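Shown next, in structure tokens, is the structure this report addresses.
The values are calculated or read from the model by the stated rules, or taken from the named source; none is laboratory data. Bear in mind that the values here come from a model prediction, so they are computed numbers and not experimental data. Neighbour counts run over all protein chains shown; Cβ positions are idealised from the backbone, glycine included. Accessible surface is based on the protein model in full, side chains and every heavy atom, while ligands, DNA and RNA are left aside. Shrake-Rupley method; radii C 1.70, N 1.55, O 1.52, S 1.80 Å.
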Amino acid sequence: MGTRVIATVDRRALRHNLAVARARAPQSRVLAVIKANAYGHGLVACAEALHEADLFGVTDIDEAEQLRQAGCRQDILVMQGLIEEPDAGRVLNGGFQLVIHRQEQLGWLEQALGRQRPRAKLTLWLKLETGMGRLGLATSELSDLFTRLRRQPWVADVVLMTHLASATTPDAPLNDHQLLQFARACQPLAEQTPQTSIAASASLLALDCSGDIVRPGLLLYGVSPFAWSDLSRRPAHFDLQPAMTLEARLISIRQQQAGDSIGYNSRFICPAPMTVGIVSAGYADGYPVTAPTGCPVLVGGHRSRTLGRVSMDMLAIDLTDLPANIGDLVTLWGPQLPLEEVADHCGLIPYTLLTGLGPRVRREYR
Ligand SMILES: Cc1ncc(COP(=O)(O)O)c(C=O)c1O
């Protein structure tokens, strides 16, 4: 049986986008965010393609260990920090860099250090809560903690980081507020020249606030984090190259009559005689069930549209007046059909489409 759903990942595009990130902040080091299976593109393969990154960011110790076991020798930052106490020993074993967002996590680390020697001195990232309302130390906690950690013999370096909540809306007042909070918190430590890290994709592309280490994720995959309606911030504007093409097979073609109902709950009724194709991808593969009739697809390079509700393993498309054969590949997104546009049709952000791709989607690399 041929492959039902194929995500083809273009390694050259990944490397190109990494170069775009570097050019945006030439003085900074680049941490390539490859968490969540490299946003659905495949963790290990993307780490290999992006080996010129200065370090990698993953969500948790499982992903960090997976990279090490695959032979990755670069520095790896565990971005969500320690989830539970035993994770501390695994960080010491793996020699990973670690985000600290609660003081209790340091206690776990110190206990683990009482039991075992770290593989190497540790680089800790202190995450500051500056207005995101999510994770992080209070700015008032920073100064003492930073100074105390810098004196520890087991600490190699301490990086100060924060994450912006509204960077996809560059004019949002919250951006300035967060940057000011961060600058104020770091100011008393200026003489100790701490490393800082602020920018992810949106801030790297639209704000001037990089820090010493930038943390792009989405842009590495050639996808713009900005709203599709924001015409001046589409991927081509930033010279981003989409890395993934998602395709599935045409497994049925039928002539339907006016009044015929297509798919679950008769969400689409043919208004006239139509040719309807069935494509071998559904929501169990990660194609969103929220896709309405009219979501764009490409058939042999021609634009068409989805019809009715997406099923678990398949979806219907309009093939009226289009040349197509059973077995043809239909493009669901890719360089000729922007993922951002599909996400916009579905009322979703591009991140969810990429990270939602199911395990049965075959990844191929070229
Ligand atoms: C702390 C942090 N830094 C960087 C990133 C990368 O963000 P983006 O994919 O928008 O570049 C994320 C993504 O969730 C994050 O949580």
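Return P(r) of the range 17-117 (all Cα-Cα pairs; 10 Å bins starting at 0; whole %; ordered from short to long distances).
Histogram of Cα-Cα distances, whole percents per bin: 16, 44, 29, 11, 0.
Any chance you could get the radius of gyration and Dmax over the Cα atoms of the chain, in Å?
Gyration radius and largest Cα-Cα distance of the chain: 23.3, 77 Å.
Rounded to the nearest 5, what % of DSSP beta bridges with both residues in the chain are antiparallel?
Rounded to the nearest five, the antiparallel share is 55 percent.
Efficiency by 1/(1 + (r/R0)^6): what FRET value for Arg362 and Ile326, r their Cβ-Cβ distance, R0 = 22 Å, to the nearest 0.05? Walk me through the intermediate numbers first.
On the way: r = 20 Å, r/R0 = 0.89.
Calculated transfer efficiency: 0.65.
Over the chain, what is the relative contact order in percent, taking alpha-carbon pairs closer than 8 angstrom and at least six residues apart?
18
Run the paramagnetic zone check for Ile253: 7 angstrom along Cα to Cβ, then residues of the range 324-348 with backbone nitrogen under 15 Å.
324-331
Considering only C-alpha atoms, what is the centroid distance from the range 42-87 to the range 311-331, in Å?
38
Distance between the C-alpha centers of the range 253-308 and the range 350-366? Whole Å please.
Their Cα centres are 21 Å away from one another.
Accessible area per residue of the chain at 1.4 Å probe, in Å²?
Per-residue value: 44 Å².
Mind putting a number on the dipole of the chain about its Cα centre? Charges go on the C-beta only, +1 for Lys and Arg and -1 for Asp and Glu, and I need it in Debye to the nearest 20.
620
Which ³J(HN,Hα) values in Hz, rounded to whole numbers, follow from the phi angles of the range 177-184 under the Karplus curve 6.51 cos²θ - 1.76 cosθ + 1.60, where θ = phi - 60° and Gly and Pro get x?
Per residue, the Karplus-derived 3J(HN,Hα) values read 4, 5, 5, 5, 4, 5, 4, 5 Hz.
Subtracting the Cα-Cα distance from 0.36 nm times the residue separation, let me have the gained length for Gln74 to Gln336 in nm, one decimal. Don't skip to the answer; put the middle values down first.
Numbers: separation 262, 0.36 × 262 = 94.32 nm, distance 3.37 nm.
Gain on extension, Gln74 to Gln336, equals 90.9 nm.
Along each of its three principal axes, how wide is the spread of alpha-carbon positions in the range 244-365, in whole angstrom units, largest first?
Per principal axis, max minus min of the Cα coordinates gives 39, 27, 23 Å.
Would you give the gap between the C-alpha center of the range 100-171 and the C-alpha center of the range 172-193, rounded to a whole Å?
The two parts, judged by their Cα centres, are 16 Å apart.
Kindly write out, for the range 108-120 in residue order, the coupling ³J(HN,Hα) from the Karplus curve 6.51 cos²θ - 1.76 cosθ + 1.60 (θ = phi - 60°), rounded to whole Hz, with x marking Gly and Pro.
Rounded to whole hertz, the list is 4, 5, 5, 5, 5, 5, x, 9, 8, 7, x, 4, 7.
What 222 nm value per residue comes from the helices of the chain, counting each DSSP H run with n ≥ 4 as -39,500 (n - 2.57) and dividing by all residues, nearest 500 deg cm²/dmol?
-8000 deg cm²/dmol
Quick one: Kirkwood hydrodynamic radius for the range 134-250, alpha-carbon pairs, angstrom, one decimal?
On the way: mean 1/r = 0.0613 Å⁻¹.
The answer is 16.3 Å.
Can you list the HN-Hα couplings for the range 275-284, worked out from phi with the Karplus curve (6.51, -1.76, 1.60; θ = phi - 60°), rounded to whole Hz and with x for Gly and Pro?
Here the 3J(HN,Hα) series is 9, 10, x, 10, 10, 7, 9, x, 5, 6 Hz.
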